[in-house]
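**Q** Starting off with a structure, shown below.
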Amino acid sequence: MDISKYVLAFEDCDLTMVGRVGGKCASLGELLKAQILVPPGFAITTEAYRQFLEDNSLLDKVNDRLIGLDDSRIVEVERASEDIRTWIDSGVLSENLEDVIAEQYRRLSRRARIPALPVAVRSSATAEDLPGASFAGQQETYLWVRGVDDLLEKTKKCWSSLFTPRAISYRIKMGFDHPKVLISVAVQKMVRSFTAGVMFTLNPATGDRATVVIDSNWGYGESVVSGEVTPDQFHVNKITMEVTKKTISDKQIYYTTNPETDEVLKLEVDPERRRSQSLLDKEILELARLAKIIEKHYGKPMDIEWATEKTLPFKGEIFIVQSRPETIWSQKEVKPVIEPKASAIEQIVAGLIKGRKVK
């Protein structure tokens, strides 16, 4: 049997395969091709999802339940979501699908040399991470999943999260055909984050493409992505590679793992660390360097999630865990500060009038 029908290592994924592995997994494979350090893992393909629906006679049942829904009728959308998610969560994985996913998970565990490897299980929809739409965050992510049974359970929950009320409403609003939006699942080795967060290859507040903006907090990046904490923020000039601005925030909470139970914990930050800078300057510059490589590889402004591994030497190994096109400023026309002139002299004079320093 060709197991690649149902599972694919990230190394075998790229941006041409969004239909098979979704936006997130496709992007992780693309990052590896750009020689960016990504935690190892694999994609459970959209074909596995379709096979599961078929095996449980849910293909037509789900589509029929979505017919006629209006995104303005919130209660109706919520009821449909609850029905569909219950059907999927209570569905049964075939023995064939179970074996394929379990074997790929065991291979990943052997590669990492950790029995029952802790993994992040992330949804990867085919309509996700598109430059013209903002589907990010609509589906589920589960951290610190260990063992085959837990993985299979969380996989079904990721599949069912394609039908959250928010996801259903957004597809209706944006004109996406429900049956054509499929979902893959990313199974990725957990990074035991010392610090984590997001960064943009432009300034998300102004659209300035000469700046990398990095948001950072202690522990896992979920506190930053969810908006539960005001993170530290660092601005780096892409040209000079200098840190041009630091904002050290009062970081009150962070996420970490109980080493005895593997439970993900939300904790208060120790008072002495709350206003401490969460990244070393050399880490800030290394993140900016990686941001420039990723932007160049994709040829567009990017929104990137990153983490530093605290169990590795110097607590400073940086991993990129996700990358997607930036969806707001990249859709706008960027006008030059000075309109082009007919001659070099006119261009210099225009710069002087605008107050631009001429070297």
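Readers should treat all values here as calculations from the given coordinates under stated rules, not as data from a laboratory. Small disclaimer: the values here were computed from a predicted structure and weren't measured. As a convention, Cβ positions derive from the backbone with ideal geometry for all residues, glycine included, and neighbour counts pool all protein chains shown.
**Q** Report, to one decimal in Å, the Kirkwood hydrodynamic radius for the stretch 226-311 based on all distinct Cα pairs.
**A** Every distinct Cα pair counted, the radius reaches 15.0 Å.
**Q** As an exercise, identify the trypsin sites (Lys or Arg not before Pro) in the stretch 231-261 lying in DSSP coil whose Cβ has no more than 15 other Cβ atoms within 10 Å.
**A** When the trypsin sites (Lys or Arg not before Pro) of the stretch 231-261 are filtered for loop state and at most 15 Cβ neighbours within 10 Å, nothing remains.
**Q** Let me ask something else about it. Just need the relative contact order of the chain here, percent rounded to a whole number, with Cα pairs under 8 Å and 6+ apart.
**A** Relative contact order, the chain: 17 percent.
**Q** Longest segment of the chain with no GluC sites (Glu not before Pro) in a DSSP loop having at most 16 other Cβ atoms within 10 Å?
**A** 1-227
**Q** Just the projected area, averaged over all directions, of the convex hull on the alpha carbon atoms of the chain: how many nm²?
**A** That works out to 21.7 nm².
**Q** Now, a different point. Using Cα pairs under 8 angstrom and six or more residues apart, how large is the relative contact order of the stretch 51-184, in percent?
**A** Value for the stretch 51-184: 31 percent.
**Q** Pick from Leu31, Leu151, Leu280: which residue has the top mean-square fluctuation in a GNM of the chain where Cα pairs under 10 Å get a spring?
**A** Its mean-square fluctuation being the largest, the pick is Leu280.
**Q** Further question on the same structure: Using Cα pairs closer than 8 Å and at least 6 residues apart in sequence, work out the relative contact order for the stretch 193-327, in percent.
**A** 26
**Q** Another question, then. Pairs Lys24/Lys245; Lys24/Lys157; Lys157/Lys251; Lys5/Lys292; Lys24/Lys282; Lys24/Lys173: which are spaced more than 26 Å apart, C-alpha to C-alpha?
**A** Where the Cα-Cα span goes over 26 Å, the pairs concerned are Lys24/Lys245; Lys157/Lys251; Lys5/Lys292; Lys24/Lys282.
**Q** Take the Cα gyration tensor of the stretch 31-168, multiply each eigenvalue by 5, square-root it, and list the three semi-axes largest first, rounded to whole angstrom.
**A** Largest first, the stretch 31-168 gives 29, 19, 12 Å.
**Q** Quick one: helix 74-89 against the long Cα principal axis of the chain, what's the angle to the nearest 10°, folded into 0 to 90?
**A** 60
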